[in-house]
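One structure below.
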Amino acid sequence: MVKTFMKFFKALNSSQTPWQMSLALSLGMAMGLTPYSGLQTIILIFIVLVVNIHIGLFLISSAFFAGIGYMFDPYFEQLGYSLLNMQALDGVFTAAYNSALLRLTYFNNTIVLGSNIIAFIFVLPMFFVLNRVVYIYRDKIASKLQQYTILRKLGISVSDKKDKFFRVSGIGLFLILGGVVVVFNILFFDALLKYAIEENFTKTLKKKVTIENLDVSFTEGKINIDNLHVADDKKAVVSTKNINVDIDLNQLLFKRYHIESINVSGMAFNKEVKPELLYIAPQEASPESAQQIKEKKSEDVFKIPSLSLEDPKALIARMGLSSLGSFDATKEKISAINTKYKNIIENDFSKDELTKISSEIKDIQERLKSKDISSMLQLKEDVSALNKKIKDKKELLNKTKKEFSQDKNSIQQDYKDLTKGAAKDYNNLKSQYTFDSEGGVNIVGVLFGDKLKTYLGSFLKYYEIAKPYLKSGPKKIEQPIPPRGEGRWVAFKYTIPTVDFLIKSTNISGELQKQDFKLAVKDISSNQKLLKAPMTFLFSSDGDELKGLVAKGEDNHLKEHVKTTSSFSLVQGVLENTDMSFMNLEKAKYSFKGELNADDYINLNAQTKILFSNVSLSLKQTDSKLMKSLAAVVSKIDNFDLDVKLNGSVENPEVSVKSNLDKKLSSVFSSVFENEVKKYQSELKDLIDTQVKSKLNELKIGQDGLGDIDKLLNTQGLGLENMLSGTNKIEDTIKNKAGDGLKDKAKNLFKGF
């Protein structure tokens, strides 16, 4: 600390003028506050070396303000972000963004712009203030300090010597530093890039990546890689003899990656390499993980399942019976109807309710014995009220009986539908093992169709990974606030629009499983609409197993929806010893031709025709009558075809595979296998009928309760009818008695006269 203090005072009293020291401190402030990146940093270093300022003060100032700059980085970042997103400055920044020279300043980085603005705002005021301070110090303070002998001995004294304005040696030093950078790139850049590629890809892929030679030509913009190997612990998974990449360096200045061409030659797979090129894993996989890998690989082997008939009980358990769900719904419906009418009977037609009405009738009959004419009139009113009450009950009962009849008919209809549902379930399950409309057993079609669905399921997994990269143009996403010391990059429009990423031409040639192949891909870009060209590809292969294999197509993002189209064909392929579960395809030649269309990588439409010729088929087992009969037919088959159609989506594909091999086999199946199928179907029907009858019995038990309700409603109706008849008789009796009473009174009245 003391030494630094002494050096600082010596610098203040050096032979340099105040402006030289002030400029050193001011430029040090600018260097400390701004990141060490961009063209402005190189210009600043050039000024420091060429202008004769005090280097020591510059370094001290840089270190001091670097600490301050780190503290204020978040504020610099916010300032830069606000300026870059200001509408009034959009034209200025857009013009700068389209300038290769200004792009080298990294002005579109928020922290670079913010810190540079602050630094250059304060550099001039700081220079003038410090210049005045140094001048006052030398004029007022230093002249007094140098009077002390001890300070003069320590070197704190004002020098009368004046330094030159320019430092000629600084120009030479700047050129030497630039030359060192160039020489370093020439001598070590290739080796460092080679090391970085090998190490990073080895860690990422968990396979050893080695490059024999890597050469970068900055003048031509080319990268050449010889003998690249990507190896696991046994062999090289991928090897290439030569990779040549031609890069457009002009576009790199704009942070756009344009590759004129990528040429890969001598590509090979599963190639034997030297032991030192093999990958050595940090830790061996556990037995459990090794077993999982083994199981995963076994899933990829194409095997046609057995033709044995599935156990009927297992078939019902797997496919399910749709009618059983309807049974449960009907059972709940019956229970609800029972509860509904029991509540109505309990509330409106209970035994106590009817007993009460009967008691009222008996009471009226007792009162009817009286001969009092006035009581007869009151009794008539009571009978009329009771009669109305009984009629209301009867009307409510008739309404209830009508509703009950409708509900009962609904249950009976459900019962009939359930019986039909059992037959429907049987026909559905029976169709799993029956003959198609053309008389052929649709076995080959089903098996190949299921396998295609498996392949599409695997494709869907990779599609979910690749989906973010399959868009026609990237959307601008608001970046989160970065951590301290980092900034955000803001992009502007190009005055001459072009894509950020482009590979104009890719050519790959090599060998795969003794097959020579070539792949040519053109116009791989990050925005096809801007490029106005879709990606196209052409793949071809020739060898002993496959001759004339060609696939070509395009991936088109030019319109609203992505359209992928491709066509493929094979002149001749050879199959030998192919396992088809119940039989072996010993040898065959085949050819195919088809096309595949996809919308947005999801909706599919494909069809292909595969022709098999010179076929030799044999059965694995001939120990039964069925297999012996089938063997005779199979041995005579020398050709068949597959017609494959694919629709729907990747998540829910609809695969249709038809084969005339099924029809060829049907002649023997119709006589032998059909009998087995009939027995199987009979057993299946018995099982379904048993389950359905059991459920129907449960419903009958519930329906018995409905019969009890019906009887009870009829009984209550009969009782109300009898009561109504009784009240009607009472009314007649009252009328007669009232008439007789009036006659007696009239006679007595006339006797008085």
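The values are calculated or read from the model by the stated rules, or taken from the named source; none is laboratory data. On a predicted model such as this, the values are computed, not experimentally measured, just so you know. Using ideal geometry, Cβ is built from the backbone for each residue, glycine included, and neighbour counts are taken over all protein chains shown.
Key figures for this structure:
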item	result
Tabulated pairs, segment 379-391, first over 16 Å from residue 365 (Cβ atoms), second of a type in the set (Val, Ile, Thr) and part of a helix (DSSP H, G or I), C-beta under 8 angstrom, 6+ apart or interchain	389/357
Test result for residue 101, surrounded by fewer than 13 Cβ atoms within 10 Å (Cβ to Cβ) and either among the aromatic types (Phe, Trp, Tyr) or in a helix (DSSP H, G or I) (or both)	yes
Residue in segment 501-511 that is surrounded by fewer than 15 Cβ atoms within 10 Å (Cβ to Cβ) and within 31 Å of the chain's Cα centre (by Cα) present	yes
Listing of helices (runs of 4 or more DSSP H) fully contained in segment 134-248 that carry 1 or more residues being at pLDDT below 80	149-153, 168-184
Some residue of segment 392-405 being surrounded by 13 or more Cβ atoms within 10 Å (Cβ to Cβ), among the aromatic types (Phe, Trp, Tyr), under 60 Å from the mean Cα position of the chain (by Cα) and at pLDDT 75 or above	yes
Some residue of segment 284-304 being of a type outside the set (S, T, N, Q), modelled with pLDDT under 70 and surrounded by 15 or more Cβ atoms within 10 Å (Cβ to Cβ)	yes
Filter pass, residue 502 being touching a His at 6+ places or on another chain (Cβ under 6 Å) and either part of a strand (DSSP E or B) or in the same structural domain as residue 264 (by TED's automatic domain parsing) (or both)	yes
Number of positions in segment 18-76 that are of a type in the set (Ser, Thr, Tyr) and either on the phi > 0 side of the Ramachandran plot or in contact with a helix residue (DSSP H, G or I) (Cβ under 7 Å, 6 or more places away or on another chain) (or both)	6
Number of positions in segment 20-72 that are of a type in the set (Gly, Ala, Ser), over 25 Å from residue 101 (Cα atoms) and part of a loop (DSSP other than H, G, I, E, B)	0
Selection within segment 523-536 - crowded, with 17+ Cβ neighbours inside 10 Å and assigned to a strand (DSSP E or B)	523, 524, 525, 535
Enumeration of residues in segment 225-247 that are crowded, with 20+ Cβ neighbours inside 10 Å and in contact (Cβ under 8 Å) with a residue 40 or more places away in the chain	229, 231, 236, 240
From the options 584, 597, residue that is closer than 18 Å to residue 644 by Cβ and out of contact with any Asp or Glu (no Cβ under 6 Å at 6 or more places or on another chain)	597
